[in-house]
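Following: one structure in structure tokens, then a few remarks.
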């Protein structure tokens, strides 16, 4: 094989490798852009729900409780459906932890679970979750946990009654606030499981949810629009 033929084959191989590299790079950029858009949309939707809940007269989360929360989660449009004796619930959550001067970048989670008992219908519910103590945070930082199972949970009090707020804070690790759209009737016997959506977290931040929620500094790597939720929470509680 002469030198010219060898050079031609090497040139073709090199061109092929470069084309593969360019294609892989374009694919990675496309996936990154898709993940950042998904995260941005989730953070903005969660911020909108939180703002609307806090703007409802006499139904907002009491400031004393919000100021005492270690983390705040917002879960928009959680779908719950049931037929006769079996039902289920599913959705996503964006969760920010209190950090000096504000709130952390939102970590993204998945929420789901089954229910058993007489039930029929479907509903869509927005949830605001307050994680009130170290036990609640420990559950949140695990790979998955059941709300109301491993960690005590209760419906959060509304209005301005300080005594109710104090009692709720002492008895529950997680306080939940909700607003529903649709109709549902039934008795639910099991809680919902929440676990991190680390495919999305790692695609956007290069970190898992638990790393985001233990104070890892990544502000320079956060797309500005993803900060919608922590900025919205800061409007109501910042210390």
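Here 55, 176, 142, 43 are placed in order of increasing Cβ neighbour count within 10 Å, fewest first, which gives 55, 142, 176, 43. When each of the peptides 192-198, 230-236 is scored by how many other beta carbons lie within 10 Å of its residues on average, the order from highest to lowest is 192-198, 230-236. With neighbours defined as other Cβ atoms within 10 Å of a residue's Cβ, the residues 65, 129 order from fewest to most as 65, 129. Counting other Cβ atoms within 10 Å as a rough exposure proxy, the listed residues 128, 74 run 128, 74 from fewest neighbours to most. Simple spin-label estimate for residue 199 and residue 77 gives 1.8 nm between the two label positions (7 Å along the Cα-to-Cβ direction from each Cα).
Throughout, read-outs are computed from the coordinates displayed, never taken from laboratory work. These numbers were taken from a predicted model, which means no experiment stands behind them. Ideal geometry is used to build each Cβ from the backbone, glycine not excepted, and the neighbour counts take in all protein chains shown.
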